[in-house]
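Engineer: Quick one: the structure is below, and I'll ask about it shortly.
Laboratory data are not the source of any read-out in this text; all were calculated from the coordinates shown. Small disclaimer: the values here were computed from a predicted structure and weren't measured. Positions of Cβ are backbone-derived with ideal geometry, glycine not excepted, and every protein chain shown enters the neighbour counts.
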Amino acid sequence: MSEFWLLLGMALATMATRIPVLITLSRRELPAGVRRALHYVPPAVLAAIIAPIVLLDEGAPNLALDNAMLPASLIAILISWRTKNLLLTIVVGMAAFLVWRTIF
Amino acid sequence: MPPSPSNRKLHFLAGARDTFPLLVGAWPFGLIYGALGIASGLSPLATAAMSAVVFAGSAQFIAVSLVAASTPLLVIALTTFVVNARHILYAATLAPQLKGLPTRWLVPLGFWLTDESFVVAANGFEARSTPEDRKWYLVGSEIAMFLNWQIATWVGIAAGQAIPDPASWGLEFALVVTFIGMLVPMLKGRPELISVLVAAGTALLANSLPHRSGLLLAAVLGIVAGLLAEQAWGRKEPA
């Protein structure tokens, strides 16, 4: 039964972040300044999610050779920058990660 | 004039097609989530149901780790809200472009909104001038993500019951490369680059803040940095 309440609580908490603002803000004009600020939401949030995963290990900086995420991320950045091809970036980045992990 | 059915289908399929690489990227992540759910002590049914009713990858990961640590339900729900709070910004970004749609559309569009569909929509909406076309495009992306996530979860649940310690494979890196592939093409000028560097730096320094609130702080400072840089140097492509 407690699994039911867990799912209900999480579902409501998630919906609260997704639905109300979508409804209220689709009914009025946003000020130009706010719209300009929203332009930076996707890149800022993505960077803030990625950076700690790649560069930290249990909260401490991890720049060691056996942190395969670091070289693989640099390779992925390079591929994405040169090709703008998302699928290629995922496949090559993942391959680089697994190969590096096997070697070091 | 309402769009013809074939037009709807066109935008729906375009949304699903533009999401395809992200479906691939979500697979390892969904597999691990399913396996971790089982390892955390959740039943297979609850693990699968969470993907269906919550449908938020990173929050689901954190929740199963909290379940494994016997965290009170209220704390898990509050953590879920904070971890998902970035969706408020997503909703605020997309809402002006979905102006005039009825609530019966906005509710499912919001329910299915993820990082991935948000980024797909932020790009795809530029080529679609009406909320009507955009809603079909967005819902095409969202339904593709949703079905893909359910299937990956089920396979992960099956694998979690068969394979010991699936998390040790390091497949969570799939999320990182996926997000890198989404992020880099957004860096069109100096303001975007500065915004990203400030957000990443803040996220690193604020990582120890409770309930992942460092993520929100990093997003806010990144946005402010982008706006300041824009005032200093101007922006290449006004959205």
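Engineer: Among the aspartates and glutamates, which fall within straight-line cross-link reach of A:LYS84, defined as a Cα-Cα distance under 18 Å, with same-chain neighbours fewer than 8 residues apart omitted?
Structural biologist: B:ASP18, B:GLU116, B:GLU126, B:GLU192, B:GLU237
Engineer: Which residues' amide hydrogens lie under 5 Å from the amide hydrogen of A:ASP57, considering only partners 5 or more residues apart or on another chain, with H built in the peptide plane?
Structural biologist: Amide H neighbours of A:ASP57: A:ASN62.
Engineer: Would you kindly derive the ³J(HN,Hα) couplings of the stretch A:50-66 from the backbone phi angles with the Karplus curve 6.51 cos²θ - 1.76 cosθ + 1.60 (θ = phi - 60°), listing them in order in whole Hz, with x for Gly and Pro?
Structural biologist: 6, 3, x, 4, 7, 9, 10, 10, 6, x, 9, x, 10, 10, 6, 5, 7
Engineer: Neighbour counts of other C-beta atoms within 10 Å: give me B:HIS87, B:HIS11 arranged from fewest to most.
Structural biologist: The fewest-first ordering by Cβ neighbours comes to B:HIS11, B:HIS87.
Engineer: Next question, about the same structure. Give the value in nm², to one decimal: projected area of the alpha carbon convex hull of the stretch B:46-201, averaged over all directions.
Structural biologist: The number I arrive at for the stretch B:46-201 is 11.1 nm².
Engineer: Select from A:ALA37, A:ALA51, A:ALA16 the residue whose mean-square fluctuation is largest in a Gaussian network model of chain A (Cα-Cα springs shorter than 10 Å).
Structural biologist: Judging by the Gaussian network model, the answer is A:ALA16.
Engineer: Now a separate question. How high is the relative contact order of the stretch B:5-184, in percent, counting Cα pairs under 8 Å that sit 6 or more residues apart?
Structural biologist: 47 percent
Engineer: Oh, and also: For the protein assembly as shown, just list the percent of Cα-Cα distances falling in each 10 Å bin from zero outward, please.
Structural biologist: In order of increasing distance, the bins hold 6, 25, 36, 25, 7, 1, 0 percent.
Engineer: Further, regarding this structure: By a straight-distance test (C-alpha under 13 Å), which aspartates and glutamates pair with B:LYS9 as possible cross-link partners, with residues fewer than eight away in the same chain excluded?
Structural biologist: Filter leaves B:GLU132, B:ASP133.
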